[in-house]
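Report on one structure; see the data block that follows.
The values are calculated or read from the model by the stated rules, or taken from the named source; none is laboratory data. A quick note: this is a predicted structure, and the numbers were derived from the prediction, not measured. Cβ placement follows ideal geometry from the backbone for every residue including glycine, while neighbour counts extend to all protein chains displayed.
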Amino acid sequence: MKRGITILLSLCVLVTVGYFTASKWAIRHETITFLDPTRDNRPVAVDVAVRRDKELQANAGMLTLPVAILNHGNTVKFTEYSFLANAFAARGYLVVSIQHDLPTDPPMVTKVGELYVGRLPQYQRDIANIKFAIEEMQKVQANADYDHLTMVGHSMGADVSLYFAKLYPDHIKKVVTLDNLRVPFMTDGRFKILSFRSKDPVFKTDPGVIPADDVCEKAGITVVRTGFQHNDMRDTGPDEAKASIQGMLDKFLDDDSPLKPVETTTPVMTDAGPVAPYAPVGPVQN
């Protein structure tokens, strides 16, 4: 009996190892750096993650890849969210993780009372990065749906994701945020939002960012209050945190179908001014 249990456990371990090994090799990662001529050839690096089989099918014109744009937190690199990129890629997404800030960028100056604590210039810079990266990715992989994006981000990257969604709602399919602290959620119900919230003594969400529970329910906003800290929500975080986030994310994406026909009648992106002002009153955070 004990020998049988030992053999069963060994098989389970082998299956698990085989699964993760296959997952790793099934997803292709590539770093590409584009130069934006409209901003003095500013380098915009992206990490592209895609399932090899889905990429082959897209290249053959058999399907159109859904697209997820992944935005990193302040001072965090674009390659430090592979657990999220792989979760989307495993679902058949083309995942584009963008490096937003550069060592040569001026330091961020925050000030309580200003719009988004003075971070609007950084948001606008990152929006320009996203738009430029999308334009360039269309040349790299034409068989992808860049008109219906899933925006994903952590911390400042989550705020950027929401800010982009406010400016270009017609181009948004879903939004996933991990601890956005500044930019309030949209409550018009035009697309679903999944938000993971940390339990952190340092990183506090500004007043007015998260709507009341009844408003969230009507607007299609799912708020997941975790026991994890703010900085647990990236590759350096504990496995428990990453597995929990991946599990909830998988449920959130259950209604997605990479093979679903894509509509291409949405308007072209145009520049838009600042969204409705919101001046946070809390202390300056990351």
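Would you mind stating whether T64 is modelled with pLDDT of 95 or more and either closer than 22 Å to K166 by Cα or of a type in the set (A, V, I, L, M) (or both)?
On the way: modelled with pLDDT of 95 or more: yes; either closer than 22 Å to K166 by Cα or of a type in the set (A, V, I, L, M) (or both): no.
No, not satisfied.
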Out of (1) surrounded by 12 or more Cβ atoms within 10 Å (Cβ to Cβ); (2) at pLDDT 95 or above, what's the single condition that is false for D250? (2)
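Please list, ordered by residue number, the strands (runs of 3 or more DSSP E) wholly in region 20-99 having 3 or more residues that are surrounded by fewer than 19 Cβ atoms within 10 Å (Cβ to Cβ) and in contact with a helix residue (DSSP H, G or I) (Cβ under 8 Å, 6 or more places away or on another chain).
Working: elements: 27-36, 42-51, 65-71, 94-98.
It comes to 27-36.
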Going by what's in this entry, would K173 be described as over 23 Å from R119 (Cα atoms), at pLDDT 95 or above, touching a Pro at 6+ places or on another chain (Cβ under 9 Å) and of a type in the set (D, E, K, R)? yes
Among what's in region 210-255 and is farther than 21 Å from E80 by Cβ, without any contact (Cβ under 8 Å) to a residue 40 or more places away in the chain and part of a loop (DSSP other than H, G, I, E, B), pick the residue that is farthest from the chain's Cα centre (by Cα). A212
